[in-house]
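Here the structure is laid out as structure tokens; the discussion comes afterwards.
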Amino acid sequence: EMIFFGLQQILPLMTRGLLQYPNLCTQFFSLVGFMLETYAEQIKLLPYDLFDALLESLLYGMSHHDESIAKSSLQGLTGIAREHLETRVLDVHIATSQNHEGLIDKCTRRLLMEVIFQNIIWDRIEPAGVALLPLAAIDINRFAVVVQSISSQVQPEHQQRLVAAFQALLKPEVLAKASSTGYEGRKNRIMFKKDFENFCHEIHSFLTIK
């Protein structure tokens, strides 16, 4: 709790302007990525406005031109998604949010639109895939709604191809083990990593977002 108390003191100070300073930006995201990977269960202690600022900083950082900042941001997003998949830690913030889109849907949409569907994906492909798996596993039906919405922005002749690529990637048996630990968890993540790389090569061979 003391660690997150310190984060509460830092977050209000970290404006977009300050994040333009490369060294400060790198150190901030490195700290946040580590904390959320290790202590994600503590985010329920944050007031909603600070949690929202933290989440927005991660969504900003994951598409940053600096590879290390992007990876730290995706590390933090993964920590939150995994913890929510296991313990529903975000429910307290979801209940407070006024965003009609929903916290998980927003994270999913922005990860897809701003990272995975962009050319920047190639230097952050592994952490992006690691973040996508638990986000999809939280509620695959909601995930499908997000994908359907995005597919409507794709050229009509490629819409079904995009949906089929997602269906091939997100196999039920892989999603079912998204929160597994130990040998089974590692095996599942290795399998998904390979499938995600193939998925990215497939969609980038035809994808054009309107």
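The values are calculated or read from the model by the stated rules, or taken from the named source; none is laboratory data. Note that the structure is a prediction, hence the values are computed from the model and not measured. When we count neighbours, we look across all protein chains shown, and the Cβ atoms used for this are built from the backbone with ideal geometry, even at glycine. Note: areas computed on protein heavy atoms with side chains; ligands, DNA, RNA excluded. Shrake-Rupley method; radii C 1.70, N 1.55, O 1.52, S 1.80 Å.
Please go through the range 32-46 and pick out each residue that is open to solvent by less than 70 Å² (accessible area, probe 1.4 Å) and either among the aliphatic types (A, V, I, L, M) or more than 24 Å from ALA131 (Cα to Cα) (or both).
Just the residues of the range 32-46 that are open to solvent by less than 70 Å² (accessible area, probe 1.4 Å), to begin with: 32-33, 35-36, 38, 40-43, 46.
Residues satisfying the conditions are VAL32, MET35, LEU36, ALA40, ILE43, LEU46.
Residues checked against (1) modelled with pLDDT of 95 or more; (2) outside any helix (DSSP H, G or I); (3) out of contact with any Cys (no Cβ under 6 Å at 6 or more places or on another chain); (4) under 26 Å from ILE43 (Cβ atoms):
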position	(1), (2), (3), (4)
ILE80	yes, no, yes, yes
VAL89	yes, yes, yes, yes
ASP105	yes, no, yes, yes
VAL130	yes, no, yes, yes
ARG142	yes, no, yes, yes
VAL146	yes, no, yes, yes
SER179	no, yes, yes, yes
GLY185	no, no, yes, yes
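Quick check, is ASP49 surrounded by fewer than 16 Cβ atoms within 10 Å (Cβ to Cβ) and either among the β-branched types (Val, Ile, Thr) or at pLDDT below 95 (or both)?
Details: surrounded by fewer than 16 Cβ atoms within 10 Å (Cβ to Cβ): yes; either among the β-branched types (Val, Ile, Thr) or at pLDDT below 95 (or both): yes.
Yes.
Across the range 139-152, what is the number of residues that are open to solvent by less than 60 Å² (accessible area, probe 1.4 Å) and either of a type outside the set (A, V, I, L, M, F, W, C) or under 12 Å from the mean Cα position of the chain (by Cα) (or both)?
Within the range 139-152, residues that are open to solvent by less than 60 Å² (accessible area, probe 1.4 Å) and either of a type outside the set (A, V, I, L, M, F, W, C) or under 12 Å from the mean Cα position of the chain (by Cα) (or both) number 1.
Could you check, for the range 59-82, whether at least one of its residues is crowded, with 16+ Cβ neighbours inside 10 Å and of a type in the set (Asp, Glu)?
Taking every residue of the range 59-82 in turn, none turns out to be crowded, with 16+ Cβ neighbours inside 10 Å and of a type in the set (Asp, Glu).
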